[in-house]
Amino acid sequence: MSGFVEKPEPVEVPGLAHLHTGKVRDLYRNAAGDLIMVASDRMSAYDWVLPTEIPDKGRVLTQLSLWWFEQLADLAPHHVLSTDVPAGAPADWAGRTLVCKSLRMVPVECVARGYLAGSGLVEYRRSRTVCGLALPEGLTDGSELPAPIFTPATKAAVGDHDENVSYEEAARQVGADVAGQLRETTLALYGRARDIARERGLILADTKFEFGFDGQVLTLADEVLTPDSSRFWPADQWEPGRAQPSFDKQFVRDWLTSPAAAWDRTGELPPPALPQEIVERTRAKYIEAYERLTGISWS
Ligand SMILES: Nc1ncnc2c1ncn2[C@@H]1O[C@H](COP(=O)(O)OP(=O)(O)OP(=O)(O)O)[C@@H](O)[C@H]1O
Ligand SMILES: [Mg+2]
């Protein structure tokens, strides 16, 4: 099971066509054909969109993504056209709206991993491989890999998990030429971001990019290097051999799995509302991530 306790009604804006409500973002198209991505304050954990929002999360993650797009611009062009709030849209869209070039999307989620976690760890334990790539013996939960790897996935239907595929399978789907470009660019972007994060005391364990074509030009799309698309770990708490604390979600996970929440995460019932203290501490973590990475004060 996964999903929303209750899917929010999209905000109606004259002149914008609502396309999609994702777990965290709402998507519209304007009259010019551009894509409008509006990040909400919704948060997901254990495959559920939580019934409690984290104030400012949408703005913090939008600003972080924008900052990263700029840090990476010499490695890949990006899809952001402006941050203007469309006429007639609610004022509270300010700071969490991106007007983007509508691209011909490449149907591969481009994941780079420098450390073993998540679905990579599951596959490694089964077969000593990740996406079919052989890895050395003796790695454990949270281990750094000998070198970062490109581990593509194909998009599953809404609500399902993306499926890891081999490089060869990705190349069959998009062509060898494009697959080569995806791998090279993904690893270059990851390397840059990992180094920036490391200087700021954060481990970028893995991250997911999406690309599309603007004519013939491979262009970075979606959101980039936010805690929603990446695993960030506090470097000073990194200790292979156990699950690493998540930079942003740990308070929420700890609370949801504590007796206080009285919730069974393997069951069918949605998670309960978060206590105010957990909301506050989690909000502070998103702001801390933004401030540490960018060096810019949030308020
Ligand atoms: N520049 C772009 N042009 C066209 N499509 C884009 C562009 N940037 C991102 N997208 C697409 O927009 C969609 C964003 O949707 P969103 O991430 O909110 O929901 P989702 O991926 O369906 O589900 P989830 O909530 O699990 O992420 C994705 O399908 C993404 O591939
Ligand atoms: Mg998405």
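Couple of notes before you dig in:
- The residue that is farthest from ligand 2 (Cβ to nearest atom), among those in the stretch 1-38 that are within 16 Å of Asp222 (Cβ to Cβ) and of a type in the set (Ser, Thr, Tyr), is Tyr28.
- Filter result for Ser166 (of a type in the set (Ser, Thr, Tyr) and under 26 Å from Pro245 (Cβ atoms)): no
- The residues of the stretch 254-272 that are exposed (fewer than 13 other Cβ atoms within 10 Å of the Cβ), among the aliphatic types (A, V, I, L, M) and at negative phi, listed by number, are Ala260, Leu269.
- Within the stretch 261-272, residues that are in contact (Cβ under 8 Å) with a residue 24 or more places away in the chain reach partners that are of a type outside the set (Ser, Thr, Tyr) and in a helix (DSSP H, G or I) with beta carbons closer than 7 Å, at six or more positions or on different chains, in the pairs Arg265/Leu256; Pro271/Leu256; Pro272/Ala261.
- Residues located in the stretch 1-52, provided they are touching a helix residue (DSSP H, G or I) at 6+ places or on another chain (Cβ under 8 Å), more than 16 Å from Thr226 (Cα to Cα) and within 15 Å of ligand 1 (Cβ to nearest atom): Tyr46, Leu50
- Matching entry among Val60, Val49 (being surrounded by 16 or more Cβ atoms within 10 Å (Cβ to Cβ) and within 16 Å of ligand 2 (Cβ to nearest atom)): Val49
- If the condition is being modelled with pLDDT of 95 or more, among the β-branched types (Val, Ile, Thr) and over 17 Å from the mean Cα position of the chain (by Cα), then the stretch 253-293 contributes Thr257, Ile278, Val279.
- Scanning the stretch 241-252 for residues that are away from ligand 1 (no atom under 16 Å from the Cβ), out of contact with any helix residue (DSSP H, G or I) (no Cβ under 6 Å at 6 or more places or on another chain) and over 26 Å from Asp162 (Cβ atoms) turns up at least one hit.
- Here is the figure for the stretch 198-233: residues that are touching a strand residue (DSSP E or B) at 6+ places or on another chain (Cβ under 7 Å), under 17 Å from Leu116 (Cα atoms) and more than 16 Å from ligand 2 (Cβ to nearest atom) total 6.
The values are calculated or read from the model by the stated rules, or taken from the named source; none is laboratory data. Small disclaimer: the values here were computed from a predicted structure and weren't measured. Virtual Cβ from ideal backbone geometry, glycine too; neighbours counted across all protein chains shown.
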